[in-house]
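Taken together, the values in this text are just the output of simple stated rules run on the coordinates, not laboratory data. All figures in this text were calculated on a predicted structure; none of them were measured in a lab. A quick note on method: Cβ atoms are made from the backbone with ideal geometry, for glycine too, and the neighbour counts reach across all protein chains shown.
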């Protein structure tokens, strides 16, 4: 099994690495050329500047190459964007309500929790709304972030491929206790999740009867 918790992680990390490498090459290249020109064409006393005319070839090169690189960055970024916006037919839907300063996860069986429980290797669609101000749903380990805007609904799709506990945070300042708006996503194997789901439904029904 891949060491990353989701396949999407590899997509994001590869795109980021591509951008960093291209940026580093340009940084070193521009710096080297700048130093070379400073040394070679350092103006001496009595030196008269030479009128240099433009080169169509050079102007074409430094227009075409950056354009190709930027379009490549856009392409790989768009591929990643499509991954967490495309909703598979078998996606498990969970409703998420953000408020100052916690997260509520509501399942089809009526269970409402502040921790997100999901089965491994199952596509998950989170239908998200904000009950007050703007929030930002962020799971660093999964490389997914999505705005949760007051007055509108949004969604995000992911599939965890490795069991474990992963942090969920709000990545947009939302008031005094913004820094405390943390919880977890717990990824279980299928049998464990089914047992948890069925038992949590019974506990919810029992609590409703007692009330």
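Among 181, 71, the ranking by other beta carbons within 10 Å of each residue's beta carbon, starting with the fewest, stands as 71, 181.
When the chain is treated as a GNM with alpha-carbon contacts under 10 Å, the residue of 58, 126, 116 showing the greatest mean-square fluctuation is 58. For the peptides 19-25, 59-65, residues were scored by their other Cβ atoms within 10 Å and the scores averaged per peptide; the highest-first order is 19-25, 59-65.
A compact globular protein would have a Cα radius of gyration near 2.2 N^0.38 Å; the ratio found for region 50-99 is 2.28. Note on region 106-154: Cα convex hull, mean projected area over all directions, 4.1 nm². With neighbours defined as other Cβ atoms within 10 Å of a residue's Cβ, the residues 128, 16 order from fewest to most as 16, 128.
Peptides 182-191, 86-95 ranked from most to least packed by the mean count of surrounding Cβ atoms within 10 Å: 182-191, 86-95.
The long axis of helix 7-40 is offset from the longest Cα principal axis of the chain by roughly 20 degrees.
Rounded to the nearest 10 degrees, the inclination of helix 190-210 to the longest alpha-carbon principal axis of the chain is 50 degrees.
Under the simplified labelling scheme, the residue 57-residue 74 pair shows an inter-label distance of 2.9 nm, with each label point 7 Å from Cα along Cα→Cβ. Length available on full extension from residue 82 to residue 162: 0.36 nm per residue minus the Cα-Cα distance, which gives 26.7 nm.
Over the chain, dividing the summed -39,500 (n - 2.57) contributions of all DSSP H runs of at least 4 residues by the number of residues returns a 222 nm mean residue ellipticity of -14000 deg cm²/dmol. Compute the distance in nm between two label points, each set 7 Å from the Cα along the Cα-to-Cβ direction, one at residue 112 and one at residue 14. Taking the two extended label points, one gets 4.2 nm.
Relative to the longest principal axis of the Cα atoms of the chain, the long axis of helix 56-83 makes an angle of roughly 10 degrees. Extension gain, residue 152 to residue 48: 0.36 nm times the residue separation minus the Cα-Cα distance gives 30.9 nm.
In terms of other Cβ atoms within 10 Å, 43, 85, 143 run from fewest to most in the order 43, 85, 143. All C-alpha to C-alpha distances of region 92-210, sorted into 10 Å bins beginning at zero, yield P(r) values of 14, 46, 31, 9, 0 percent in whole numbers. In summary, the convex hull built on the alpha carbon positions of the chain has an orientation-averaged projected area of 19.4 nm². With a cut-off of 8 Å between alpha carbons and a minimum separation of six or more residues, what is the relative contact order of region 60-211 in percent? Relative contact order of region 60-211: 23 percent.
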